[in-house]
Every structure is written in C-alpha cells, then in structure tokens.
Amino acid sequence: EFFLYMTWAYQDGSSKMLELVNQGLYQDQTDQYAKITDCVPRAAMQSGIGVENIIPAGTAVQNGRTSYIGDAYNRDGYHLDLIHGRYTASLTWYAKIFGKSPFDVSYRPDGMSQFCADMCKTAVAKALETPMSVTSLQEDFGVNPDAVFSVLDRPVFINFGLDAGSA
C-alpha cells in the first residue's frame, strides 16, 4: 500500500521562508500551508494513491503551532524540532499507517511533559479528522501549566545590536 506524506510549512521569519518569499513563491507560512494543502490531494489523486492515504503531518504541525508552542516547531526554520516536532510527525505516520489513535501511544521523548505529549497527540488526532485544514488548540493547550516561572517555556533572545556600548 502506498501513502503520500504531506510536509509542513516553514517557520515564519526563518531565513528559508524569507528566501522563498523573496523569490515570490509564498507570502508567508499561511500561504505556504495553503499551497501544500492545495497540491497534496491533487498529487494523491494523480498518482493513484488517493486522498485516503495522505499522511497529514503538515496539518498536525500547523495544528500544534496554535498551541503554547507557537511557531517553534522547527529547530532551524524548516527542519522539525527534535522533540515535539519529530514526535508529532511520527505519531501522524503511526496513526495513519496502522489505523490507530495517536492516544494509543504511551511513549513520549525524554524531557517531554505529559501535557506536551497530549498536545502533540491532539494535534495529530485533529489532523486525521480534517487533514486539509487547521484546528486551533488554543483553548485547551494555549498555556503550558508545566512552565515553572511564567508561560514562557523556551528562551527569549533579545538582540541589543552588534555595536551596543561601543564608541
């Protein structure tokens, strides 16, 4: 049996996205995702695979971006983050190929909270329900209760400029 893997849109503002925007291919991440969801079903039909065998990892990632993780699903702007990004994509493969629920998987990567694992599983479950459109997870997963001191659960970088303090 053959499957077609739907990829994800790049991180907004990443060098790769800006390069593609400058080439006139996309306006932003939302436009790239819209173009992916436009061409994937057509490719599935033209190849004889059929839309029922699309692995909607791109939609699962886009769903996850509506959670507290936001647009941090990539480690460099386009490759998936090694924890929640890859976990979400692999859950999508598993659920689609084996016809199982992502909630059947008890494994979660080292360092990943149960809350984050549940968010990733929900992102996948919603992608399987509506593979060509985004489902917001904001209401249930908009704030990470595992964050210790604030709702921020990843570093904040501030660019003070290369010449700050120089004469």
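Here are a few things to note about the model shown:
- Listed residue (91, 80, 138) projecting farthest to the positive dipole end of the chain, Cβ model: 91
- For the stretch 83-131 versus the stretch 16-43, the inter-centroid distance based on Cα atoms is 24 Å.
- Count, lysine Cα pairs under 15 Å in the chain, 8 or more residues apart or across chains: 4
- The listed peptides 105-112, 40-47, ordered by packing as a protection proxy, come out as 40-47, 105-112 (highest mean of other Cβ atoms within 10 Å first).
- Carbon and sulfur %, accessible surface of the chain computed with the full protein complex present, 1.4 Å: 55 percent
- Protection proxy ranking, peptides 16-28, 48-60, average beta carbon neighbours within 10 Å, highest first: 48-60, 16-28
- When the charge dipole of the chain is built from unit charges on Cβ atoms (+1 for Lys and Arg, -1 for Asp and Glu) and taken about the Cα centre, the candidate among 46, 59, 120 whose Cα reaches farthest toward its positive end is 46.
- Charge dipole magnitude, Cβ of K and R +1, D and E -1 - the chain, Cα centre, debye nearest 20: 340 debye
- Amide H within-cut-off set for residue 55, under 5 Å, with H built and near neighbours excluded: 4, 5, 6
- The chain - accessible surface per residue (Å², probe 1.4 Å): 58 Å²
The values are calculated or read from the model by the stated rules, or taken from the named source; none is laboratory data. Because the structure is a prediction, the values reported are computed rather than measured. All Cβ positions, glycine included, derive from the backbone under ideal geometry; neighbour counts span all protein chains shown. With ligands, DNA and RNA removed, areas are computed over all heavy atoms of the protein, side chains included. Shrake-Rupley method; radii C 1.70, N 1.55, O 1.52, S 1.80 Å.
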